[in-house]
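Engineer: Please find one structure pasted underneath; my questions will follow.
Just so it is clear, none of the values below were taken in a lab; they were calculated from the coordinates. Small disclaimer: the values here were computed from a predicted structure and weren't measured. Counting neighbours? That spans all protein chains shown, and the Cβs are built from the backbone with ideal geometry, glycine included.
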Amino acid sequence: MRTLLAPSSIAVAGAAETPGNIGRAVLENIIAGGFQGVVAPVDRAGGVVFSMRAARSLAELEIAAELVIITAAGGEALEFAAEAAANGAKALLVLPAASRTTARRWCSELSGS
C-alpha cells in the first residue's frame, strides 16, 4: 500500500501537452502538491509535457517508476500496463481518458439510468 500512497517515483503514462489532457492535469497536480520524489511524463509522441521531457515508453525512463499512473484509453492503456509490469512497477493506477460522451455513458450505465 505504501507504493500506491507514498511512492518514491511516479510515471504518468499518456500525459501530453495538449490542453485538457488528463495526464497533463495529473502531472501538474502531483508537482503542485509538493511531491518530493521523481516524476516523469510518458507520451508515445515524446516531446515536452509541463516543461519536462517526455519519455516515449516506460523503458526509456532513467529511473524505473514505482507507481505508474495510466491516463491513456483503450489499447494504449493496456500497452502501458504491460510495460509497467515488464519494467518492475510496484503499483498501477488507471485513470482512463474518455470523451464527455463516453464518460456520461459510463456514469449512466453505473447508475442504471
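Engineer: Can you pull the one-decimal nm distance between simple spin-label points at residue 4 and residue 79, each 7 Å off the Cα toward Cβ?
Structural biologist: 2.7 nm
Engineer: Counting alpha carbon pairs within less than 8 Å and at least 6 residues apart, what relative contact order, in whole percent, applies to segment 2-111?
Structural biologist: 27 percent
Engineer: Mind listing the long-range amide H neighbours of residue 16? Cut-off is under 5 Å, sequence gap 5 or more, other chains count too, H placed in the peptide plane at 1.01 Å from N.
Structural biologist: Amide H neighbours of residue 16: 23, 24.
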